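Here is the structure we will look at, set down as structure tokens.
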Amino acid sequence: MKQFLLCAISLFLVMGAAAQPASHHQPLRYYFGSNPIALTQSDSKIYVRLSMEKTASTKNMLRNRYNISTKELTTLQAENFFVIDLTKTASSSRSKEIMDALKSNNDVQIARPVLVAPDGKEVIIDEGFYVKLKTSVSYAQLANLSAQKNCVIEKAYPYNNKTWLLKAGAVNHYDGLKMANEFFETGLFEYAEPDFRLLDPLTAVPNDPLFNLQWAAINTGAANQGSGFAGADIDLDEAWDITMG
């Protein structure tokens, strides 16, 4: 009888494990201080950033080829930043198919899963990451490492001359998480962390219907803004992520 019960329990556990949908994503982590923190990759939400000039055609391709509806595609702070949410309509295999197609498209700068932090909040990561040099480490060492890793030193943190914002380039697939980990593992930094951005605030933008034309608020360099210089603005979208007033 005891053997029968053990066999039955084992069979139940095996069947239960088989019933769980297997994720096609590898586990990720980042370093919080020196502690590795696990990040879960969504199987149903994909964060996408396109080159501005190909935004409309790539979105049309996604709608037509993969039957992505308007409700499944949420624009973030600009037309070329968006999230594809397949939670209600897709299997993980369809999500992977779309992800693979995006990654093979030269007009796509970023295509990666939305991440879930340990506190349950959904976050996205672009190319940005912050580092703080150890006391004995010089700026010259930071500059040398950045050049080796094909990263750009964007700016110093205004309240600490040992803290810097860096950006991973196209060679690194604009992957701030990967670069933050690689920098931290050199032993030169007190911390190196990706520039996490909460997904929920990113879906909230000012409700002014002409907001996308206001280059002073967020300059995308698009033709409808006068084809100016992308980034020459007051970063209102980033302020909006922090507070709406």
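Considering only residues that are among the polar types (S, T, N, Q) and either modelled with pLDDT under 90 or surrounded by 17 or more Cβ atoms within 10 Å (Cβ to Cβ) (or both), look in segment 106-157 and name the one that is nearest to Phe183 (Cα to Cα). Walk me through how you get there before you give the answer.
First pass over segment 106-157, keeping only residues among the polar types (S, T, N, Q): 106, 109, 135-136, 138, 141, 144, 146, 148, 150.
Keeping just the survivors that are either modelled with pLDDT under 90 or surrounded by 17 or more Cβ atoms within 10 Å (Cβ to Cβ) (or both) gives 106, 109, 146.
Numbers: Asn106: 27, Gln109: 22, Ser146: 9 Å.
Per the criteria, the residue is Ser146.
Out of the residues in segment 27-52 meeting the condition of being over 19 Å from Ser104 (Cβ atoms) and not in a strand (DSSP E or B), tell me which one is nearest to the chain's Cα centre (by Cα).
So, considering only residues that are over 19 Å from Ser104 (Cβ atoms) and not in a strand (DSSP E or B), the one nearest to the chain's Cα centre (by Cα) is Pro27.
How about segment 96-154: which of its residues are acidic (Asp, Glu), touching a residue at least 24 places away in the same chain (Cβ under 8 Å) and not in a loop (DSSP other than H, G, I, E, B)? I'd like the intermediate steps shown before the answer.
Residues of segment 96-154 acidic (Asp, Glu): 97, 100, 107, 119, 122, 126-127, 154.
Narrowing further to those that are touching a residue at least 24 places away in the same chain (Cβ under 8 Å): 97, 107, 122, 126-127, 154.
Listed by number, the residues that qualify are Glu97, Glu122, Asp126, Glu127, Glu154.
I'd like to check something: does segment 132-153 contain any residue that is of a type in the set (D, E, K, R) and under 20 Å from Leu76 (Cβ atoms)?
No; the residues of segment 132-153 include none that is of a type in the set (D, E, K, R) and under 20 Å from Leu76 (Cβ atoms).
State all residues of segment 70-92 that are under 18 Å from Leu115 (Cα atoms) and part of a helix (DSSP H, G or I); if no residue qualifies, say none.
Glu72, Ser92, listed by residue number.
Is it the case, given these coordinates, that Asn160 is more than 21 Å from Leu39 (Cβ to Cβ), surrounded by fewer than 19 Cβ atoms within 10 Å (Cβ to Cβ) and under 21 Å from the mean Cα position of the chain (by Cα)?
Values: more than 21 Å from Leu39 (Cβ to Cβ): yes; surrounded by fewer than 19 Cβ atoms within 10 Å (Cβ to Cβ): yes; under 21 Å from the mean Cα position of the chain (by Cα): no.
Against the criterion (more than 21 Å from Leu39 (Cβ to Cβ), surrounded by fewer than 19 Cβ atoms within 10 Å (Cβ to Cβ) and under 21 Å from the mean Cα position of the chain (by Cα)), Asn160 does not qualify.
Consider Asp241 carefully, then state whether it is at pLDDT below 80, assigned to a helix (DSSP H, G or I) and closer than 26 Å to Val123 by Cβ.
Taking the combined requirement at face value, the residue satisfies it.
Search segment 51-71 for residues that are within 20 Å of Lys96 (Cβ to Cβ) and pair each with any residue that is assigned to a helix (DSSP H, G or I) and not hydrophobic (A, V, I, L, M, F, W, C) when their beta-carbon atoms are under 9 Å apart and the residues are at least 6 apart or on different chains.
Taking only residues 6 or more apart or on different chains, the pairs are Arg63/Thr70; Tyr66/Arg94; Tyr66/Glu97; Ile68/Lys59; Ser69/Arg63.
The values are calculated or read from the model by the stated rules, or taken from the named source; none is laboratory data. In this text, all values refer to a predicted model and were calculated from it rather than measured experimentally. Note: ideal-geometry Cβ built from the backbone for every residue, glycine included; neighbour counts use all protein chains shown.
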